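Undergrad: Sharing a structure below in structure tokens format, with a few things to ask.
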Amino acid sequence: GGLHTIAKANGKLYFGSATDNPELSDTPYVAILDDNTMFGQITPGNSMKWDATEPSRGTFTFSGGDVIANLAKQNGQLLRGHNCVWYSQLPSWVSSGNFDAATLTSIIQTHCSTLVGHYKGQIWDVVNEPFNDDGTYRQDVFYNTLNTNYISIALQAARAADPDAKLYINDYNVEGPGAKSTALQNLVKQLKADNVPIDGVGLQGHFIVGELPGNIQQNIEAFTALGVEVAITELDIRMTLPSTPTLLAQQQKDYQTVITACKNVEGCVGVTIWDYTDKYSWVPQTFSGQGAACPWDANLAKKPAYDGIVAGLQA
Ligand code: G3I
């Protein structure tokens, strides 16, 4: 069976992949993406972000997101909405609008409730990347105007728009213990104490070959102990190019380690890779000289990392 079938057989809800609209004209690529024994869940890499969905105030465009939502629906795959509130890929009317607190509150409420209401019954990254790596809050337009209140405003609007949606906070460099993980745990505790709806925490999982954080499983357990589920939401493990058999073997081991950590914790519900093939990975454009981060190569052939994922799911 494929990765999703193996994940289900081993107690997880899904194994999934991100995708993006431009790739959907690539027929061999889509054939693998459409295989719901391989991927039981899909995340749109860009087309549900704020710049794509509300390019000007009150004008919503769902065309790109709908294509991916419909693909997932046709294949019987879960959809992860990504995302409602994030400092990046914001249209300038939001990032440079200089709104007062009441106006920005209303803007967040409208954006989140319209988005979550349009794609009902899904999982949502409601708040994306709220922290700096040292565990302080990111000084973005939302925090600078509303302090941490923007987080509960977004979550409450999402819950009101769809009581059945799973609401997550999603971040990176929170996969192992450290200041940023502690900050995220403290946020979850505070939200729970305040009765703000929060169902899960997404650990993105953008890693470097040979440099995984230690104690990923212990860290996942620290989150589930707070009464939230956990998902690995954007897994990829990059290397300095060119890839060599040694690097590919280490990458296989690293994929297995991450997946095993999720497998071993009941409340870790699923894993999403940040696209399945090196052909469409975000890594080379962002980190010059790095890449080969995905389990399939640029010719859509499985790499050793694939076997690492299988072994992790069966741990
Ligand atoms: O839409 C424009 C297009 O009009 C233009 O011709 C083209 C030229 O460069 O750029 C296009 O925008 C790009 C956009 O992706 C859509 O393809 C941006 O330049 C590019 O920076 C953007 O990258 C995305 C990145 O988020 C932006 O922050 C990646 O595809 C996407 O995979 C990545 O995903 C993020 C998650 O959302 C959050 N976690 C980290 C993860 C990796 O960075």
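Read the figures in this text as sums done on the coordinates, not as results from a lab. Source: prediction; values computed, not measured. Here Cβ is always computed from backbone atoms with ideal geometry, including for glycine, and neighbour counts include all displayed protein chains.
Undergrad: What about PHE39, is it assigned to a loop (DSSP other than H, G, I, E, B), closer than 19 Å to GLY81 by Cα, more than 16 Å from the ligand (Cβ to nearest atom) and in contact with a strand residue (DSSP E or B) (Cβ under 8 Å, 6 or more places away or on another chain)?
TA: Values: assigned to a loop (DSSP other than H, G, I, E, B): yes; closer than 19 Å to GLY81 by Cα: yes; more than 16 Å from the ligand (Cβ to nearest atom): yes; in contact with a strand residue (DSSP E or B) (Cβ under 8 Å, 6 or more places away or on another chain): yes.
Yes.
Undergrad: While we're here: Would you say GLY117 is among the small types (Gly, Ala, Ser) and over 14 Å from TYR168 (Cβ atoms)? Write out each step before concluding.
TA: Values: among the small types (Gly, Ala, Ser): yes; over 14 Å from TYR168 (Cβ atoms): yes.
So GLY117 passes the test.
Undergrad: Inside region 270-315, can you point out the residues that are within 16 Å of the ligand (Cβ to nearest atom) and assigned to a helix (DSSP H, G or I)?
TA: Listed by number, the residues that qualify are ASP278, LYS279, TYR280, VAL283, PRO284, GLN285, THR286.
Undergrad: OK, next. Mind counting the residues in region 167-184 that are away from the ligand (no atom under 16 Å from the Cβ) and either within 15 Å of the chain's Cα centre (by Cα) or under 20 Å from GLN156 (Cβ atoms) (or both)? It would help to see each step written out before you state the result.
TA: Within region 167-184, the subset away from the ligand (no atom under 16 Å from the Cβ) is 167, 176-179, 181-183.
Still in the list and also either within 15 Å of the chain's Cα centre (by Cα) or under 20 Å from GLN156 (Cβ atoms) (or both): 167.
Adding up the residues that qualify gives 1.
Undergrad: Got at least one residue in region 72-93 being among the β-branched types (Val, Ile, Thr) and over 17 Å from the mean Cα position of the chain (by Cα)? Outline the logic, then answer.
TA: Of the residues in region 72-93, the ones among the β-branched types (Val, Ile, Thr) are 85.
Retained after the next criterion (residues that are over 17 Å from the mean Cα position of the chain (by Cα)): none.
No, every residue in region 72-93 fails to be among the β-branched types (Val, Ile, Thr) and over 17 Å from the mean Cα position of the chain (by Cα).
Undergrad: Can you work out which of the residues in region 42-77 that are within 14 Å of the ligand (Cβ to nearest atom) and hydroxyl-bearing (Ser, Thr, Tyr) is farthest from THR272 (Cα to Cα)?
TA: Among those residues, the one meeting the criterion is THR61.
Undergrad: Moving to a separate point now. Do we have any residue at all in region 151-167 that's exposed (fewer than 14 other Cβ atoms within 10 Å of the Cβ) and in a helix (DSSP H, G or I)? I'd like the intermediate steps shown before the answer.
TA: The first filter runs over region 151-167 and keeps only residues exposed (fewer than 14 other Cβ atoms within 10 Å of the Cβ), leaving 163-164.
Applying the additional criterion that residues be in a helix (DSSP H, G or I) yields none.
No, region 151-167 contains no residue that is exposed (fewer than 14 other Cβ atoms within 10 Å of the Cβ) and in a helix (DSSP H, G or I).
Undergrad: When ALA225 is evaluated against the numbered criteria (1) hydrophobic (A, V, I, L, M, F, W, C); (2) surrounded by fewer than 17 Cβ atoms within 10 Å (Cβ to Cβ); (3) more than 21 Å from ASN170 (Cβ to Cβ), which criterion, by number, is the only one it fails?
TA: (3)
Undergrad: What number of residues within region 82-117 satisfy the criterion of being touching a residue at least 60 places away in the same chain (Cβ under 8 Å) and either away from the ligand (no atom under 15 Å from the Cβ) or in contact with a helix residue (DSSP H, G or I) (Cβ under 9 Å, 6 or more places away or on another chain) (or both)? Steps first, please.
TA: Of the residues in region 82-117, the ones touching a residue at least 60 places away in the same chain (Cβ under 8 Å) are 82-85, 111, 114-115.
If we keep only those that are either away from the ligand (no atom under 15 Å from the Cβ) or in contact with a helix residue (DSSP H, G or I) (Cβ under 9 Å, 6 or more places away or on another chain) (or both) as well, we get 83-85, 111, 114-115.
Residues that pass the stated criteria total 6.
Undergrad: Answer yes or no as to whether ALA18 is touching a residue at least 60 places away in the same chain (Cβ under 8 Å), within 16 Å of the ligand (Cβ to nearest atom), surrounded by 22 or more Cβ atoms within 10 Å (Cβ to Cβ) and of a type in the set (A, V, I, L, M). Before you say what the answer is, go through the steps one by one.
TA: Numbers: touching a residue at least 60 places away in the same chain (Cβ under 8 Å): yes; within 16 Å of the ligand (Cβ to nearest atom): yes; surrounded by 22 or more Cβ atoms within 10 Å (Cβ to Cβ): yes; of a type in the set (A, V, I, L, M): yes.
Spelling it out, ALA18 is indeed touching a residue at least 60 places away in the same chain (Cβ under 8 Å), within 16 Å of the ligand (Cβ to nearest atom), surrounded by 22 or more Cβ atoms within 10 Å (Cβ to Cβ) and of a type in the set (A, V, I, L, M).
Undergrad: Sticking with this one: Looking only at residues that are hydrophobic (A, V, I, L, M, F, W, C) and within 20 Å of ASP236 (Cα to Cα) in region 21-36, which one is nearest to the ligand (Cβ to nearest atom)?
TA: Start the filter on region 21-36 by keeping residues that are hydrophobic (A, V, I, L, M, F, W, C), which leaves 24, 30-33.
When the remaining residues are screened for being within 20 Å of ASP236 (Cα to Cα), the result is 30, 32-33.
On the way: VAL30: 17, ILE32: 18, LEU33: 15 Å.
Out of the qualifying residues, it is LEU33.
Undergrad: Quick check on region 294-305: of everything there that is at negative phi and touching a residue at least 60 places away in the same chain (Cβ under 8 Å), which residue is surrounded by the fewest Cβ atoms within 10 Å (Cβ to Cβ)? Please lay out each step first, then the result.
TA: Start the filter on region 294-305 by keeping residues that are at negative phi, which leaves 294-299, 301-305.
Among the residues that remain, those that are also touching a residue at least 60 places away in the same chain (Cβ under 8 Å) are: 296, 305.
Working: TRP296: 22, ALA305: 27.
Going through the qualifying residues, I end up with TRP296.
Undergrad: Kindly list, by first and then second residue, each pair from a residue in region 48-62 that is in contact (Cβ under 8 Å) with a residue 40 or more places away in the chain and assigned to a loop (DSSP other than H, G, I, E, B) to a residue that is of a type in the set (D, E, K, R) and surrounded by 14 or more Cβ atoms within 10 Å (Cβ to Cβ), limited to pairs with Cβ atoms under 6 Å and residues at least 6 apart or on different chains.
TA: Note: pairs meeting the criteria are PHE60/GLU54.
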